[in-house]
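J.: Encoded as structure tokens, here's the structure I'll be asking about.
The values are calculated or read from the model by the stated rules, or taken from the named source; none is laboratory data. Owing to the predicted nature of the structure, the values given are computational and were not obtained by experimental measurement. Neighbour counts are summed over all protein chains in view; Cβ atoms, including those assigned to glycine, are modelled from backbone coordinates with ideal geometry.
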Amino acid sequence: MLTILRHIIQEVTSAQDFREALDIMVKRIANALATQACSIFLLDRHHGEYVLVATQGLNPQAVGKVRVPINKGLIGLVGEREEPLNIDDATKHPRFYRVPEIKEEAYRAFLGTPVIYHRQVLGVLIVQQEDPRRYDESEEAFLVTLATQLAAIIAHAEATGALAELLQSSKEKRHELIYSGVPGAPGIGMGVGVVVYAPYDLDTIPDREPDSVEAEIQLLEAAFSAVREDLRLLSERLYPALPPEERALFDVYQRILDSADMGKEVADAIRAGNWAPGALREVIQAHVRRLESLDNEYMRERAEDIKDLGQRVLTYLQKNDRTTPQYAEKTILIGESITPTDLAEVPEGYLAGVISAKGSGNSHVAILARAMRVPTVMGVGDTPIYELQDKEIIVDGYYGQIYVSPSPNLRTEFERLIQEEKKLDAALEEIRDLPAVTKDGQRIGLLVNTGLGADISISLAAGAEGVGLYRTEIPFLMRDRFPSGEEQRIIYRQLLASFAPRPVIIRTLDVGGDKPLPYFPIKEDNPFLGWRGIRITLDHPEIFLSQVRAMMRASEGLNNMRIMLPMITDATEVDEALRLLRKAYTEVRDEGYDVEMPQIGVMIEVPSAVYQARVLAKRVDFLSVGSNDLTQYILAVDRNNPRVANLYDALHPAVLRALIQVVENGHQEGKHVSICGEVAGDPVAVLLLLAMGFDSLSMNASSIGRVKWVIRHFTHKKAAKLLHEVLGMENAVMIRCHMELALERAGLGNLIRAGR
Ligand code: PEP
Ligand code: MG
């Protein structure tokens, strides 16, 4: 079966176009299963109907014409159940629905499976036969596997517009409008659009001679203090509800306002002959231009914050009352550039979703929305947001899409998804305090990755057993200079104290690559192959020493800290880092801190480290695989490049073999081996990692429940069998399908569909 499957996939993926791919699929499946009919129905979401798009065995004239209502017939039933339906005599089934045009009366046996991609039913794949019989288990598995392949092909066709073309019909205009952005915060929000906008547009303020320089400066100072006071009140209101890391966002605003430079610059511009609003515009625009020109996404986002502050100061400068929007009970907050303060102004309990025309997943507002668990879509770009006031809207924060004026069918579908998520969350909540242990007693540690948006309370609430990766570059990125040793000590102390006595692995500064510090510019042709991670900090021992001393001081009395070194490619780097770490330790002890030498670990994230894992393991206390980078370096696929994203998969056989080697080598030296890349939080991958022997997995807090759920549903024996099976496969697609199928069969299909 596996060989046939592989051949079909190869043939289908090399088809000229979408239609040909579908035709090949139905023909080959019918042949492979020696069955008389095979057909594909695709869901036309806009009309709530399944459309027959390819068939072998039904009336070919019906292709593209026959439409089955979403809630009708066995096709509708398969879609509703999101599970295969295998019946020996379809005509006797209560949901049988006769569509005369397709000429299926002769067929009795029916096997249908949903085609699902990223939680959405895209269609139904069916096989039929004249003689009543039940298709056997292997035939069912075969069809399910092909349906997962079909899903990927359809998703691609959707993105290229080929699907819309195929489904085009004479029906009149669709109901809802769909707009795409990028995911900001996961979840599905339904509500009514409330568009917010700054009362004055700073960009349109003209230059003007001031009547009195002194009067303008006084006006300016009054406006600055009014905004400062506004922010204080807002942050007071929000503080109790926010985790500490997010509170810092308000501090950033306050710091910008308090910065003597900003006030002074505006005052200077007034003295140079501009009235206060014009001077404010000059200064704000100059800052924004500078930030936007930086080659750093994070700092570019800060330009939005500066603009927001400028708007607020302008409002007071012009002495106008701010108009408060009328918030709906389920508000979908919409704006050109939604800011944290816009978010904070919505009355408690009213916020159902957020849509921001500008910004990305790194924007402050997205960070806040995630902390507040409000579904958010960012960067909807050209969407005419000012037309969305008072419209009914669905925000899909998982896939970064918004649906305006949804049809009743679509609404029902999303309501069902919300219910499904609630059920899943409730089930996950029940196992929160239980260990991650397989049915046959194999235990594995589940830890959390933190950094930007790090939410200590959410991590603890999710049942994390500690921190497997704290990305220290985040506090470095949030400043306009290197943080002092004492500033760092305070940050690390708070983290360590919150988790104590649980272990916390703090990683030394990992900048460079796609994370340059704005105040430490690095210009390189190939930044991912350049000066990054440990390479920078070893070249700047003063930065490294200041950081590790701060970590050690922070651990006094807690002793739950471990230190991890990123981007190690060579044993000499470890030797040098260890020398510096011992030096720092002696210094900190000499200062009078009563601390223990922390355990030291190395990240395995480049191929050379895989081959030298044993040499490295000898030198340190633990290894942790950074699979995000390891995958990009093994496969030579830039992890941030959407063009090659389809080639990037940590389940690639080459990556899996590297992981096995690291675990084996680490264990041969008696060392703890963990993994902290995104794959560790992927429910589809977790059984393989468990079978490989990883001692712990470190992931985003939101993945912990799902991963634990998988582990508790399987035996280690079954996981080992699955690993053995996938090691016989030749590509990541097959491996992923195989693992998804294993989860489906164990009744955990909802974990694959639910937002990850
Ligand atoms: C990794 O590379 O897998 C990793 C955890 O580090 P980062 O994603 O911060 O590069
Ligand atoms: Mg990395």
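J.: Please work out if LEU469 is within 16 Å of ligand 1 (Cβ to nearest atom), surrounded by 18 or more Cβ atoms within 10 Å (Cβ to Cβ) and under 27 Å from PHE520 (Cβ atoms).
T.: yes
J.: Which count do you get for residues in the stretch 606-643 that are under 17 Å from HIS672 (Cβ atoms) and touching a Gly at 6+ places or on another chain (Cβ under 7 Å)?
T.: 10
J.: Follow-up question, since we're still on this one. Residue by residue through the stretch 577-601, note down the ones that are outside any helix (DSSP H, G or I) and more than 16 Å from ligand 1 (Cβ to nearest atom).
T.: GLU591, GLY592, TYR593, ASP594, VAL595, GLU596, MET597, PRO598, GLN599, ILE600
J.: Taking the condition of being free of Cβ contacts under 8 Å to residues at least 40 places away in the same chain and either under 25 Å from ARG134 (Cα atoms) or outside any strand (DSSP E or B) (or both), how many residues in the stretch 23-54 meet it?
T.: 8
J.: Note down all Cβ pairs under 6 Å where the first residue falls in the stretch 90-102 and is small (Gly, Ala, Ser), the second is assigned to a loop (DSSP other than H, G, I, E, B), and they're at least six residues apart or on different chains.
T.: Short answer, once both residue conditions are applied: ALA90/PHE96.
J.: Could you grab the pairs with beta carbons closer than 6 Å, sequence gap of 6+ or different chains, first residue in the stretch 552-581 and acidic (Asp, Glu), second one within 16 Å of ligand 1 (Cβ to nearest atom)?
T.: Here the result reads GLU573/ILE534, each pair linking the stretch 552-581 to a residue that is within 16 Å of ligand 1 (Cβ to nearest atom).
J.: Considering only residues of the stretch 515-532 that are surrounded by 14 or more Cβ atoms within 10 Å (Cβ to Cβ) and touching a residue at least 40 places away in the same chain (Cβ under 8 Å), which is farthest from ligand 1 (Cβ to nearest atom)?
T.: Here the residue is PRO518.
J.: Can ILE154 be described as closer than 23 Å to ILE9 by Cα, touching a Gly at 6+ places or on another chain (Cβ under 6 Å) and either of a type in the set (A, V, I, L, M) or in a loop (DSSP other than H, G, I, E, B) (or both)?
T.: Answer is no for this residue.
J.: Now for a different question. Look through the stretch 477-500, keep the residues that are in a helix (DSSP H, G or I) and aromatic (Phe, Trp, Tyr), and return whichever of them is nearest to LEU697 (Cα to Cα).
T.: Checked the stretch 477-500; the qualifying residue nearest to LEU697 (Cα to Cα) is PHE499.
J.: Just checking, does the stretch 676-693 include any residue being in contact (Cβ under 8 Å) with a residue 24 or more places away in the chain, buried (at least 22 other Cβ atoms within 10 Å of the Cβ) and in contact with a Gly (Cβ under 7 Å, 6 or more places away or on another chain)?
T.: yes
J.: Also, quick follow-up: Taking the conditions exactly as written (part of a loop (DSSP other than H, G, I, E, B), at pLDDT below 95 and within 14 Å of ligand 1 (Cβ to nearest atom)), does ASP510 satisfy them or not?
T.: Against the criterion (part of a loop (DSSP other than H, G, I, E, B), at pLDDT below 95 and within 14 Å of ligand 1 (Cβ to nearest atom)), ASP510 qualifies.
J.: Could I ask something else about it? Here are the criteria: (1) at pLDDT below 75; (2) not in a helix (DSSP H, G or I). Tell me which single one ASP203 does not satisfy.
T.: If we test ASP203 against (1) at pLDDT below 75; (2) not in a helix (DSSP H, G or I), just (2) comes out false.
J.: May I ask you to verify whether ASP136 is closer than 15 Å to GLN36 by Cα and of a type in the set (D, E, K, R)?
T.: It is false that ASP136 is closer than 15 Å to GLN36 by Cα and of a type in the set (D, E, K, R).
J.: May I ask you to say which residue of TYR611, TYR593, TYR585, TYR633 is away from ligand 2 (no atom under 16 Å from the Cβ), among the aromatic types (Phe, Trp, Tyr), at pLDDT 95 or above and over 21 Å from PRO503 (Cα atoms)?
T.: Checking each option against the conditions leaves just TYR611.
J.: Do we have any residue at all in the stretch 409-416 that's of a type in the set (S, T, N, Q), modelled with pLDDT of 85 or more and crowded, with 16+ Cβ neighbours inside 10 Å?
T.: no
J.: Suppose the filter is of a type in the set (D, E, K, R) and modelled with pLDDT under 80; does GLU236 pass it?
T.: Yes: the conditions hold for GLU236.
J.: Condition (residue is in a helix (DSSP H, G or I) and of a type in the set (Ser, Thr, Tyr)) applied to the stretch 602-609: is it met by at least one residue?
T.: Yes, some residue in the stretch 602-609 is in a helix (DSSP H, G or I) and of a type in the set (Ser, Thr, Tyr).
J.: Something else now. Just checking, does the stretch 605-615 include any residue being within 16 Å of ligand 1 (Cβ to nearest atom), assigned by TED's automatic domain parsing to the domain that holds GLN488, touching a residue at least 24 places away in the same chain (Cβ under 8 Å) and touching an Asp or Glu at 6+ places or on another chain (Cβ under 6 Å)?
T.: yes
J.: For the stretch 513-536, which positions are at pLDDT 90 or above, in a loop (DSSP other than H, G, I, E, B) and in contact with a helix residue (DSSP H, G or I) (Cβ under 8 Å, 6 or more places away or on another chain)?
T.: TRP531
J.: Failed condition for ARG639, given (1) at pLDDT 95 or above; (2) crowded, with 16+ Cβ neighbours inside 10 Å, with all others met?
T.: Unmet condition: (1).
J.: What residue, of LEU309, LEU280, LEU294, is surrounded by fewer than 18 Cβ atoms within 10 Å (Cβ to Cβ) and not charged (D, E, K, R)?
T.: That would be LEU294, the only listed residue that is surrounded by fewer than 18 Cβ atoms within 10 Å (Cβ to Cβ) and not charged (D, E, K, R).
J.: If the Cβ limit is 9 Å and pairs must be 6+ apart or interchain, which residue in the stretch 179-192 that is among the acidic types (Asp, Glu) pairs with which residue that is in a strand (DSSP E or B) and at pLDDT below 95?
T.: Between residues of the stretch 179-192 that are among the acidic types (Asp, Glu) and residues that are in a strand (DSSP E or B) and at pLDDT below 95, there is no close pair.
J.: Could you list all residues from the stretch 86-115 that are crowded, with 22+ Cβ neighbours inside 10 Å and either assigned to a strand (DSSP E or B) or at pLDDT 95 or above (or both)?
T.: Residues satisfying the conditions are PHE110, LEU111, GLY112, THR113, PRO114, VAL115.
J.: Specify which of the listed residues (GLU487, GLU473) is within 16 Å of ligand 2 (Cβ to nearest atom) and of a type outside the set (A, V, I, L, M).
T.: GLU473
J.: ILE474: in a helix (DSSP H, G or I) and under 30 Å from TRP709 (Cβ atoms), yes or no?
T.: yes
J.: Output the residues belonging to the stretch 457-471 that are at negative phi, at pLDDT 85 or above and in a loop (DSSP other than H, G, I, E, B).
T.: If the condition is that a residue be at negative phi, at pLDDT 85 or above and in a loop (DSSP other than H, G, I, E, B), then ALA464, GLU465 are the ones that fit.
J.: Another question about this same structure. Is at least one residue of the stretch 189-198 small (Gly, Ala, Ser), in contact with a Gly (Cβ under 7 Å, 6 or more places away or on another chain) and modelled with pLDDT of 90 or more?
T.: Checked the stretch 189-198: at least one residue is small (Gly, Ala, Ser), in contact with a Gly (Cβ under 7 Å, 6 or more places away or on another chain) and modelled with pLDDT of 90 or more.
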